[in-house]
Amino acid sequence: MSIQILWVDDEIELLKPHILFLERKEYAVTTCTNGADAILLVDEINFDIVFLDENMPGLTGLETLAEIKQKHINLPVVMITKSEEESIMEEAIGSKIADYLIKPVNPNQILLSLKKNLDHSRLITEKTTANYQQEFRKISMDLAMVNSYEEWIELYKKLIHWELELENISDPNMLGILESQKQEANSQYFKFIKKNYEAYLTAKDKPTFSHTLFKEYVVPELKKKAPVLWVVIDNLRYDQYRILEPLINNHYKKEEEYSYFSILPTATQYARNAMFSGLMPSEMEKKYPQYWKNDTDEGGMNLFENEFLSAQIKRLGLDITHEYYKITSLKSGKELADNYNGTRQNDLTVVVYNFVDMLSHSKTEMGVIKELAGDDKAYRSLTLSWFKNSALFEIIQKAQVLGQKLILTTDHGTINCKHPSKVIGDKNISSNLRYKTGRSLSYTEKDVYPVRNPKDIFLPTEAMNSSFIFAKEDLFFAYPNNFNHFVKYFKNTYQHGGISLEEMIIPCAVYSPK
């Protein structure tokens, strides 16, 4: 079926060559000479696009546009005008026109506008598919060669770039191919971590880990004497950060973007406490036994983040004033947003926002969230929808007005778990689905990175002979007892604590206010 075009111009006879050009391209063009007739035609015929002259007797182009949009809000309208007045241009754009052309227009300009508005999706699909097909071979070669943490960061970013590009096109086959590459990447990454993690913790040339992030990325900004808002969004992956960034860019200009590595386990109790204390978990347990809680201890695991941070600030010799806020509910977020101007005297304001973590866990517990976040694309969309309307976004906007720099990061990511792996242990085994610690652990060797002496990777030893195991790729641990029920309940849920690109390679970005 031909594309149906309505062209409205009081001098339509002068445009006969343009119309013949379009008809030769197999477009169907209906014409009229005034706004009143245009409004009637739009009601009668299902047009794909309207070309509308701005300067007509009777109803003007802008008045006609308003009438058309009132009934047919999604119909693309291209405004054509002799006038270059800024006010007319702004009013037309404000009325959500699809394009704006200045007379005299040539046929190729019209054709370009049609392609941009009607063939946009097809052209993007074709170009994106062709580009990814070219890149596919290079990514496959990189996967076979990658052998350093810097290369893993670049490879992971490349995979996420293509995932975000391909999810917006109408060819699901390409996304399936990319998903296979991501799975292969996680398989190779697990082998890399299993081989190198312990050595990296003490190596001279090592990545930034959770416990060195504050010293390496936050302290240099504090030394510049500008006030800093440090936001830690719990459980935020790199792909989720990428879709939030355009909103942040409306208020802040990015200066630096880093990628750092969450320590193991990639769980809040370990990674975020390490971030605030500047210490590995076994060091925290030894130095601050009153603050550290092990997996099986009673009480909250992250109740002393501000105490850990204060101790690190003192240890680093920083002469600064700081305040720490942990937001765990809509009410507490709104209260901070409403009173945020009170932070203007701080050198450092720290906001820990738990929403993404709550979202991922509620996906496990609540059927409606499971439906809303059935895959990574939906999970990203849900995250973006929340952020747009969140108190956190309001806080960031207020920080910009106060002239505060923004450092945005997270403590670890999360992965959609697809496959179970059986594990057995004594009654005191930890409950996390992506890592286990305890005595007498029995597991499938190929599915885990086992650490028989936790002190080798600076983790506490809860009891004599207790060890850690970390799940690879998208596995989750399940007990043999009631296995099928357990698997059905937790399959396709977002978990963290184990070894995957999504959980371990995470963002930290530094912004200056616009």
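Worth pointing out:
- Residues that are crowded, with 21+ Cβ neighbours inside 10 Å, more than 15 Å from the chain's Cα centre (by Cα) and among the aliphatic types (A, V, I, L, M) within region 393-425 comprise I395, I396, A399, L406, I407, V423, listed in sequence order.
- Total residues in region 386-426, condition of a type outside the set (A, V, I, L, M, F, W, C) and within 21 Å of A509 (Cβ to Cβ): 15
- Of the numbered criteria (1) assigned to a loop (DSSP other than H, G, I, E, B); (2) in contact with a Gly (Cβ under 8 Å, 6 or more places away or on another chain), the one K427 fails is (2).
- Candidates in region 180-229 are the residues that are in a helix (DSSP H, G or I) and among the β-branched types (V, I, T); of these, the one that is farthest from F468 (Cα to Cα) is V219.
- Residue within region 250-259 that is part of a strand (DSSP E or B) and among the basic types (K, R) present: yes
- Elements of type helices (runs of 4 or more DSSP H) contained in region 266-380, each with 1 or more residues being surrounded by fewer than 21 Cβ atoms within 10 Å (Cβ to Cβ) and modelled with pLDDT under 90: 330-338, 355-365, 367-372
- Counting only strands (runs of 3 or more DSSP E) that sit wholly inside region 464-514, those with at least 1 residues that are at pLDDT 90 or above and more than 24 Å from the chain's Cα centre (by Cα) are 467-471, 475-478.
- Residue match in region 245-258 (condition: crowded, with 20+ Cβ neighbours inside 10 Å, at pLDDT 95 or above and in contact with a strand residue (DSSP E or B) (Cβ under 8 Å, 6 or more places away or on another chain)): yes
The values are calculated or read from the model by the stated rules, or taken from the named source; none is laboratory data. Only a predicted model underlies this, so the values are computations on that prediction, with no experimental measurement involved. Quick reminder, even Gly has a Cβ in these numbers, built from the backbone with ideal geometry, and neighbours come from all protein chains shown.
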